[in-house]
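The values are calculated or read from the model by the stated rules, or taken from the named source; none is laboratory data. Since this is a predicted model, take the numbers as computed values, not measurements. Cβ sites come from the backbone with ideal geometry, for glycine too, and all protein chains shown count toward neighbours. Accessible surface areas use protein heavy atoms only, side chains included; no ligands, DNA or RNA. Shrake-Rupley method; radii C 1.70, N 1.55, O 1.52, S 1.80 Å.
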Amino acid sequence: MHGLGNGLSFPSLNIAAVGGLPDEQQGLASGLITSSIQIGAGIGVALPASLMATGGPGLDGYRLAFLVAGGFSLLGATLASIGLRARVGHEPQARA
C-alpha cells in the first residue's frame, strides 16, 4: 500500500512543486525533487533496518523501527501540511 500511495502521489508532488517556476527551471527542480525522493527512500530503508538489528530481542527491534518510521511519517505529513497551508492564496506571478 505504501508503494502504491507513493507512486500515485509523486506526479502530483512534481506538478505542485514546479508549477510556479519558469519553464527553463522546471526540469532542474523536478530532478532535484526526484533525487531527494530517492535519497530519502534509501535512508528510509537503511535506518529502520539498522534499528531492527540493534533494537533488542524478539519483536522489540521491529517495534522500535516501526515507531521511528511512523514518527518520520507524521513529521513529513506535518511539514507538508504547513508548506501547503502557506501556499494557499498564493497566486503565481504572470509570465511576461
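Is there any pair with a first residue in segment 15-43 that is closer than 24 Å to residue 72 by Cβ and a second that is of a type in the set (Phe, Trp, Tyr) and assigned to a helix (DSSP H, G or I) whose Cβ atoms are under 7 Å apart and which are 6 or more apart or on different chains, and what are they?
Final answer for the pair search is 37/10.
Count, please, the residues in segment 1-18 that happen to be of a type in the set (Gly, Ala, Ser) and surrounded by 10 or more Cβ atoms within 10 Å (Cβ to Cβ).
Residues meeting the conditions: 3.
Which residues, counting only those in segment 43-63, are open to solvent by less than 70 Å² (accessible area, probe 1.4 Å), in contact with a Gly (Cβ under 9 Å, 6 or more places away or on another chain) and not small (Gly, Ala, Ser)?
51, 52
Exactly one of (1) open to solvent by 70 Å² or more (accessible area, probe 1.4 Å); (2) part of a helix (DSSP H, G or I); (3) not acidic (Asp, Glu) is unmet by residue 70. Its number?
So residue 70 meets the others, but not (1).
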